[in-house]
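Only one structure is covered here, and it is reproduced in the block below.
Just so it is clear, none of the values below were taken in a lab; they were calculated from the coordinates. Quick caveat: nothing in here was measured; it's all calculated off a predicted structure. Every residue, glycine as well, gets a Cβ built from its backbone with ideal geometry; the counts of neighbours run over all protein chains shown.
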Amino acid sequence: MAAWKVVRDSFADHDVPSTLMGVTVLGYKDQLVEIEAVAAVLDS
C-alpha cells in the first residue's frame, strides 16, 4: 500500500507501531478528520 511506504520512509530504520485508518463516508463533502494519539514508554 502506497500510504504505508510513506510512513515507513518517514521513520527510516526505526519501525514504529502505527495504525492506518480509512474513512469512506464523512458527514459532508470535503470534511476533514483529525485523530490524535499519545504513546508513552515506561522504564521498569
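Compared with the alpha-carbon gap, the fully stretched path from Ala12 to Asp30 is longer by 3.3 nm at 0.36 nm per residue.
Set against the labelled values (i) 17.5, 53; (ii) 21.5, 61; (iii) 14.6, 48, Rg and Dmax of the Cα atoms in Å computed from this structure falls on (iii). A simple rule links phi to the HN-Hα coupling: the Karplus curve 6.51 cos²θ - 1.76 cosθ + 1.60 with θ = phi - 60°, which for region 29-38 gives 4, 6, 5, 9, 10, 10, 10, 10, 9, 10 Hz, with x for Gly and Pro.
Against the longest principal axis of the chain, how steep is helix 2-11, in degrees 0 to 90 to the nearest 10, with axes from Cα atoms? On a 0 to 90 degree scale, this one is about 40. Highest mean packing first, where packing is the average number of other Cβ atoms within 10 Å per residue, the peptides 19-30, 3-14 line up as 3-14, 19-30.
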